Amino acid sequence: MNDKDEEGYDRIPDTRNAVAQYFELYSMSGDPDDFEKMVDFPYEHALLTARLNTASTKKMDHVIDRLKEKTKNDQDVRLVGGFGSILSELAHKVVNGQFLSLGLAIFVVGILLMILFRSVTAGLISAIPLAISITTLFGLMGIFRIELNVATAMLSSIMIGVGVDYTIHFLWRFREERQSGLDSKEAVIKTLTTTGRGIVFNALSVIFGFIALLTSSFMPVRFFGFLVVVSITSCLIGALILIPSLCIVLKPKFLEPREIRV
Amino acid sequence: MKKYKIIILAFGTLVLFLTAEPQENLTAKQIVDRSFKATKLAGSEILSTMTIIDDKGRERVRKIASVTKLYDNGETEKRLIRFLSPPDVKGTGLLTFDYEKRDDDMWLFMPALRKTRRIVSTEKAKNFMGSEFTYADMTPPILDDFSYELLGEEDVNETSCWRIEMIPVNEDVADENGFSKRVTFIAQQDFVIRRAVYYDLDGELHKELSVEEVKEVDPENHKYRPMHMIMVNKQEGRKSILIVDEIQFNPDVKDEFFTTRYLERY
């Protein structure tokens with residue numbers, strides 16, 4: 001069984017008795033706990049280990065599902081599991097949790113803006129640049145085949161927190177300018193040349209800060225840096241181009257100067 | 001009157017001394033030597049049950065039949081062990097030539113494969129059949145391998161015993177036997193071990209042997225055998241029990257039992 005030249009090398013003996021007798025042979029010169037991690041004490045359940053040479057959760061899932069399928073009606077199989085199973089379960093949880101936390105983040109930010117500007121439209125408008133940058137983010141991840149893992153999954157939530165700042169800054173100043181009597185176009189120009197500069201500097205410092213991560217030799221960190229840079233840029237574009245355009249075209253009510261009724 | 005008292009006392013002590021059992025004056029080494037000899041049977045046929053219990057209380061029970069016989073003026077003991085149950089190992093046989101002065105010869109026969117394997121064992125500290133008993137526990141060790149000290153007297157299960165400490169003379173002997181110290185309780189009435197406490201190579205408490213029952217198997221030569229032995233591993237929480245169900249003294253056991261040819265005849 002263990003010698004290369006021997007008949008039956010590298011094979012499990014054919015009969016139950018032969019297996020039991022080999023165990024007995026071993027126990028004549030081995031330690032009692034040698035097999036502790038491989039088989040239980042009454043020799044009823046063994047641990048069979050297989051090595052999956054892939055890190056893809058998709059392939060792992062496939063193997064695990066096939067195994068479970070095959071052993072479904074086998075009374076002797078107690079459990080199919082292991083590190084691969086944990087890993088794939090973790091990935092599923094992260095991805096599913098991702099959608100939930102994203103939705104929740106947008107929802108909460110929207111509510112906050114609605115309260116801030118006392119308007120439902122304010123919430124909806126400010127959600128638009130966020131939605132676009134989220135789309136950009138996941139789109140790019142798809143194109144570059146960047147894995148959605150624990151680190152990259154946190155990104156979108158961070159991005160929502162950072163990205164919404166620019167929109168709030170812009171809207172706040174824009175409303176002030178409108179109230180001080182400027183029309184929409186003039187107010188946009190005024191806001192972009194004042195608060196807009198601040199927003200750009202803010203965004204650039206964040207972007208350059210995260211560019212440093214691109215020099216990392218550890219791939220997940222490099223991906224993280226890349227994605228932060230891309231998503232902050234898209235938030236900036238959203239806040240400085242998309243939002244002003246919407247303000248001019250739609251002329252939302254909450255930004256209009258309040259008429260003092262006499 | 002005072003003088004008389006002293007004389008009577010001295011005389012009384014002398015009488016007590018003389019009438020006491022003659023082994024009173026034995027040295028620790030002599031006691032151990034006699035204890036080794038007390039269990040050497042010229043030949044025997046035994047049916048026994050080995051129960052191996054793990055730390056979670058799960059059991060493995062093996063019934064075995066064995067024959068033993070002494071050769072070379074008692075220097076070599078040959079043993080043939082045959083498994084009777086469980087069914088999947090039934091017929092498995094172990095033939096041992098236990099030499100006093102060199103490594104044992106061992107062969108294991110596996111009936112399902114019709115194959116005999118030689119087991120190379122230089123270490124007596126190895127566990128026998130996956131139990132807590134080691135090969136060293138099965139046969140008396142070499143007397144001169146240890147230094148002995150009589151620590152005192154103590155009762156074990158109402159049997160008065162000598163408490164003797166055995167320490168291997170060097171590290172090789174310690175490695176071979178698997179302990180750095182053994183405190184043995186030897187009964188004064190029959191020289192059979194009643195209790196033994198083993199300390200591992202780091203000096204920590206390791207195992208404890210208790211002998212619950214002793215039988216005089218060969219009354220003519222005053223030879224005894226323990227009938228019920230329990231070995232508890234204090235570190236791992238495992239336990240093994242060896243019970244002799246039946247034992248027959250027989251110095252005329254057939255020599256052909258102790259051959260690999262007979263081992264394979266099953």
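The values are calculated or read from the model by the stated rules, or taken from the named source; none is laboratory data. It should be emphasised that the depicted structure is a prediction, and the values quoted were computed from it without experimental measurement. Ideal geometry is used to build each Cβ from the backbone, glycine not excepted, and the neighbour counts take in all protein chains shown.
Condition check for A:L130 on (1) touching a Gly at 6+ places or on another chain (Cβ under 9 Å); (2) within 13 Å of A:L255 (Cα to Cα): one failure, at (2).
The single condition among (1) surrounded by fewer than 18 Cβ atoms within 10 Å (Cβ to Cβ); (2) farther than 22 Å from B:E236 by Cβ; (3) hydrophobic (A, V, I, L, M, F, W, C) that B:L205 does not meet is (2). The single condition from (1) of a type in the set (V, I, T); (2) surrounded by 14 or more Cβ atoms within 10 Å (Cβ to Cβ); (3) under 28 Å from B:I81 (Cβ atoms) that A:T15 fails is (2). Out of all the residues in the stretch B:128-185, which are touching a residue at least 60 places away in the same chain (Cβ under 8 Å), closer than 19 Å to B:Y224 by Cα and more than 14 Å from the chain's Cα centre (by Cα)? Selection gives B:W162 alone.
Evaluate the following for A:D61: is it charged (D, E, K, R), closer than 30 Å to A:K190 by Cα and part of a helix (DSSP H, G or I)? No; evaluated as a whole, the condition is false for this residue. Being assigned to a helix (DSSP H, G or I) and surrounded by fewer than 17 Cβ atoms within 10 Å (Cβ to Cβ) is the filter; apply it to the stretch A:114-128 and report the residue that is modelled with the highest pLDDT. It comes out as A:I115. Within the stretch B:190-202, not a single residue is within 14 Å of chain A (Cβ to nearest Cβ), crowded, with 21+ Cβ neighbours inside 10 Å and not hydrophobic (A, V, I, L, M, F, W, C). Across the stretch A:18-32, the qualifying residues are those that are within 7 Å of chain B (Cβ to nearest Cβ) and either assigned to a loop (DSSP other than H, G, I, E, B) or small (G, A, S) (or both), and the one among them that is farthest from B:I64 (Cα to Cα) is A:D31. Suppose the filter is exposed (fewer than 12 other Cβ atoms within 10 Å of the Cβ), touching a helix residue (DSSP H, G or I) at 6+ places or on another chain (Cβ under 9 Å), at pLDDT below 80 and more than 9 Å from chain B (Cβ to nearest Cβ); does A:A55 pass it? Answer is yes for this residue. Here A:L182 fits the description: part of a loop (DSSP other than H, G, I, E, B), out of contact with any Cys (no Cβ under 9 Å at 6 or more places or on another chain), at pLDDT 85 or above and of a type outside the set (F, W, Y). Filtered by the rule that a residue be of a type in the set (A, V, I, L, M, F, W, C) and under 26 Å from A:D65 (Cα atoms), the stretch A:82-121 gives A:F83, A:I86, A:L87, A:L90, A:A91, A:V94, A:V95, A:F99, A:L100. Test B:G74 against the criterion of being touching a Pro at 6+ places or on another chain (Cβ under 6 Å) and among the small types (G, A, S), and give yes or no. In short, no. Do we have A:D3 as farther than 23 Å from B:K90 by Cα, not in a loop (DSSP other than H, G, I, E, B) and not polar (S, T, N, Q) here? So A:D3 does not fit the description; no.
Examine the stretch A:65-77 for a residue that is on the phi > 0 side of the Ramachandran plot and away from chain B (no Cβ under 14 Å), and state whether such a residue exists. No, because not a single residue in the stretch A:65-77 is on the phi > 0 side of the Ramachandran plot and away from chain B (no Cβ under 14 Å). Of (1) more than 11 Å from chain A (Cβ to nearest Cβ); (2) farther than 13 Å from A:E24 by Cβ, B:R82 satisfies all except one. Which? The number of the failed condition is (2).
The single residue among A:G196, A:G163 that is under 29 Å from the mean Cα position of the chain (by Cα), buried (at least 16 other Cβ atoms within 10 Å of the Cβ) and part of a helix (DSSP H, G or I) turns out to be A:G163.
Give me the residue from the stretch B:110-142 that is part of a strand (DSSP E or B) and within 10 Å of chain A (Cβ to nearest Cβ) and, out of that set, nearest to A:T15 (Cα to Cα). Only one residue fits best here, namely B:M110.
If you filter the stretch B:155-185 down to residues that are in contact with a helix residue (DSSP H, G or I) (Cβ under 9 Å, 6 or more places away or on another chain) and of a type in the set (S, T, Y), you find that the one that is surrounded by the fewest Cβ atoms within 10 Å (Cβ to Cβ) is B:S180. One residue stands out in the stretch A:139-160 among those that are loosely packed, with under 15 Cβ neighbours inside 10 Å and outside any helix (DSSP H, G or I): the one that is farthest from the chain's Cα centre (by Cα), namely A:F144. Residues considered: B:A38, B:A42, B:A28. Of these, the only one that is away from chain A (no Cβ under 12 Å), more than 26 Å from B:F179 (Cβ to Cβ) and touching a strand residue (DSSP E or B) at 6+ places or on another chain (Cβ under 8 Å) is B:A42.
Filtered by the rule that a residue be surrounded by fewer than 19 Cβ atoms within 10 Å (Cβ to Cβ) and touching a helix residue (DSSP H, G or I) at 6+ places or on another chain (Cβ under 8 Å), the stretch B:127-146 gives B:M138, B:L143, B:D145. Being in contact with a helix residue (DSSP H, G or I) (Cβ under 7 Å, 6 or more places away or on another chain) and at the interface with another protein chain (Cβ under 9 Å from one of its Cβ atoms) is the filter; apply it to the stretch B:87-108 and report the residue that is farthest from B:A136 (Cα to Cα). Checked the stretch B:87-108; the qualifying residue farthest from B:A136 (Cα to Cα) is B:D88. Of all residues in the stretch B:49-61, those that are at the interface with chain A (Cβ under 7 Å from one of its Cβ atoms) and farther than 14 Å from B:S85 by Cβ have Cβ atoms under 6 Å from Cβ atoms of residues that are surrounded by 15 or more Cβ atoms within 10 Å (Cβ to Cβ) and at pLDDT below 95, 6 or more apart or on another chain, in B:D54/A:F41; B:D54/B:R238; B:R58/A:F41.
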